[in-house]
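This report concerns only the one structure given below.
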Number of protein chains: 2
Amino acid sequence: MDRNIKLILEYDGTNYHGWQTQAENGNPTIQGTLEQALKTIIREKVTTFSSGRTDAGVHALGHVANFMTSNTIPAAAWAPALNHLLPKDIRILESTEVSLDFHARYSALGKTYKYRILRRRAPTALYRNYAWHINLPLNIRKMRSALPFLVGRKDFSAFRGSGCNAKSPVRTIKSASIKKDGDFLELWFEADAFLQYMVRNITGTLVEVGLGRFTPDDVGRILRSCDRTQAGRTAPPHGLYLMDVSYPESR
Amino acid sequence: MDRNIKLILEYDGTNYHGWQTQAENGNPTIQGTLEQALKTIIREKVTTFSSGRTDAGVHALGHVANFMTSNTIPAAAWAPALNHLLPKDIRILESTEVSLDFHARYSALGKTYKYRILRRRAPTALYRNYAWHINLPLNIRKMRSALPFLVGRKDFSAFRGSGCNAKSPVRTIKSASIKKDGDFLELWFEADAFLQYMVRNITGTLVEVGLGRFTPDDVGRILRSCDRTQAGRTAPPHGLYLMDVSYPESR
């Protein structure tokens, strides 16, 4: 186990029960599928370390994982070798060798998520698994004016999933922005790390602001309450994309 | 049969063998799936007329179809009634009553297609069914300078599929343009009508120009040759989107 290989993955989460292998049942996961492909190459069980878990249905354009191996396959060759074995909805974008102390989760400096909303009256076939379809008008100006309440080092208990087992509810959102792209609305969030359901809970709450059910000031009030029951609904998973995980330059 | 209902459809073509029902086998088609849903509502066989056929794997954001019925369901109610029965990868965006002489194909003034290319080195999981992935550099300037050869009333025999049974190979391309959108390249074509595989053959040829295998002038030469063997490969179906079918104002 003298080599540490870092993988950057893109996946379509539609057909998976999230990243993490679930011991209790046979539902396909990204991690389980990846580890099976690694086992086929190395001929022994491999454990992968991940930048984080993603929920069922969530997509990724830049998920990061790493694993230790004694295998001498050149680092760059892992990507094509794995892509040959993996289903087409999981692709390895890049494989590199990193120092032995690199850990996809513990070495991460930050993560960027995008949440994609399709706002139009008509239903959608093409984006049914790739965006949250909202058929009522959203006031984007009001949604944007709620963003400053979220940026900075805060206690995000109000936006934390009930199953979250992180020790501290404090996270630092470095930036939050909303971009219009035709009928789509993209909500971007960059933070040092995220709590379970945090992006989906924040998005659900911002949508309530867009719908006029909450004011922008309510978002600040909800955050300060540290009370999950104050916040809006949890946005559905299929609009969420893990875009990027950042590491110190040398990694 | 005193009412004529016009439908605008969006569909994800991934799981269908194109629009048209194939008598010879049981492959699912958009038309077959739609007619089955109509039959469930009306309780008798319904024939739909379409703005055109789409190939297996091709998508649509604005396909148009119509059908005649004696049923008195309000025109606008067909959309939700059908969407309740249709699979989620086919959606009716709009249903309206039109004059009895309206025919989705024969009344059409023009059609707009978009062809979507993903140009980057890394493979893709999320867009595997929704764009043509090209991992070599494309010279967009050269591709754009080939477009004027294609615009206007021309004999498009060189870009016609071998199974095409249109009486005339003459079509009028009203506009052709190439838009950059991040890693995506969108090729837009508007014409009075298109021959079989015409957009895919033109796209395949423009990609050869982008790759430097053809010059922009070659596109003019290929068109004048009226010889399909001169043109580039046929671009794969999953990058193609029927965007819009236009009709006289009153329809």
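The values are calculated or read from the model by the stated rules, or taken from the named source; none is laboratory data. Nothing here was measured: the structure is a model prediction, and the numbers come from that model. Heads up, the Cβs are rebuilt from the backbone with ideal geometry, glycines too, and the neighbour counts pull from every protein chain shown. When the accessible area is computed, the model is the full protein with side chains, heavy atoms only, and any ligands, DNA or RNA have been set aside. Shrake-Rupley method; radii C 1.70, N 1.55, O 1.52, S 1.80 Å.
Which numbered condition trips up A:Trp78, out of (1) under 23 Å from B:Asn135 (Cα atoms); (2) outside any helix (DSSP H, G or I)?
Looking at each condition in turn, A:Trp78 falls short on (2).
Considering only the stretch A:70-93, state which residues are crowded, with 19+ Cβ neighbours inside 10 Å and more than 13 Å from chain B (Cβ to nearest Cβ).
A:Trp78 - this is the single residue of the stretch A:70-93 that is crowded, with 19+ Cβ neighbours inside 10 Å and more than 13 Å from chain B (Cβ to nearest Cβ).
Condition check ((1) in the same structural domain as A:Ile30 (by TED's automatic domain parsing); (2) closer than 17 Å to A:Tyr115 by Cβ; (3) part of a loop (DSSP other than H, G, I, E, B)) across all residues:
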residue: A:Gln196; (1), (2), (3): no, yes, yes
residue: A:Leu206; (1), (2), (3): no, yes, no
residue: A:Arg213; (1), (2), (3): no, no, yes
residue: A:Arg221; (1), (2), (3): no, no, no
residue: A:Thr234; (1), (2), (3): no, yes, yes
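Pick out the one residue from A:Gly52, A:Gly62, A:Gly57, A:Gly18 that is open to solvent by less than 10 Å² (accessible area, probe 1.4 Å), in contact (Cβ under 8 Å) with a residue 12 or more places away in the chain and in a loop (DSSP other than H, G, I, E, B).
Criteria check complete, one pass: A:Gly18.
For the stretch B:1-18, what are the residues that are more than 14 Å from every other protein chain (Cβ to nearest Cβ) and out of contact with any Phe, Trp or Tyr (no Cβ under 8 Å at 6 or more places or on another chain)?
Selection gives B:Met1, B:Asp2, B:Arg3, B:His17, B:Gly18.
Is there a residue in the stretch A:26-34 that is at pLDDT below 95, surrounded by fewer than 19 Cβ atoms within 10 Å (Cβ to Cβ), of a type outside the set (S, T, N, Q) and assigned to a loop (DSSP other than H, G, I, E, B)?
Looking through the stretch A:26-34, at least one residue is at pLDDT below 95, surrounded by fewer than 19 Cβ atoms within 10 Å (Cβ to Cβ), of a type outside the set (S, T, N, Q) and assigned to a loop (DSSP other than H, G, I, E, B).
Kindly provide the set of residues from the stretch B:92-128 that are assigned to a strand (DSSP E or B) and under 28 Å from B:Asn201 (Cβ atoms), ordered by number.
The answer is B:Gly110, B:Lys111, B:Thr112, B:Tyr113, B:Lys114, B:Tyr115, B:Arg116, B:Ile117, B:Leu118, B:Arg119.
Identify the residue in the stretch A:35-45 that is open to solvent by 70 Å² or more (accessible area, probe 1.4 Å) and of a type in the set (D, E, K, R) and, among all such residues, is nearest to the other protein chains (Cβ to nearest Cβ).
Among residues in the stretch A:35-45 that are open to solvent by 70 Å² or more (accessible area, probe 1.4 Å) and of a type in the set (D, E, K, R), the one nearest to the other protein chains (Cβ to nearest Cβ) is A:Lys39.
Which one is nearest to B:Asn83 (Cα to Cα), of the residues in the stretch A:94-115 that are in contact with a Phe, Trp or Tyr (Cβ under 6 Å, 6 or more places away or on another chain) and within 14 Å of chain B (Cβ to nearest Cβ)?
Filtering the stretch A:94-115 for residues that are in contact with a Phe, Trp or Tyr (Cβ under 6 Å, 6 or more places away or on another chain) and within 14 Å of chain B (Cβ to nearest Cβ), the one nearest to B:Asn83 (Cα to Cα) comes out as A:Lys114.
Looking at B:Glu94, B:Glu44, can you tell me which residue is out of contact with any strand residue (DSSP E or B) (no Cβ under 6 Å at 6 or more places or on another chain) and of a type in the set (D, E, K, R)?
B:Glu44
Output the residue which, of all residues in the stretch B:129-157 that are within 14 Å of chain A (Cβ to nearest Cβ) and touching a residue at least 60 places away in the same chain (Cβ under 8 Å), is surrounded by the fewest Cβ atoms within 10 Å (Cβ to Cβ). So that I can check it myself, show each step before the final result.
Taking the stretch B:129-157 as the starting set, the residues that turn out to be within 14 Å of chain A (Cβ to nearest Cβ) are B:129-131, B:133, B:135.
After this cut, where a residue has to be touching a residue at least 60 places away in the same chain (Cβ under 8 Å) as well, the list is B:129-131.
Values: B:Asn129: 19, B:Tyr130: 21, B:Ala131: 23.
Across the stretch B:129-157, the extreme among qualifying residues is B:Asn129.
Identify all residues within the stretch A:209-231 that are farther than 17 Å from A:Pro137 by Cβ, over 24 Å from the mean Cα position of the chain (by Cα) and of a type in the set (Ser, Thr, Tyr); write none if there are none.
A:Ser225
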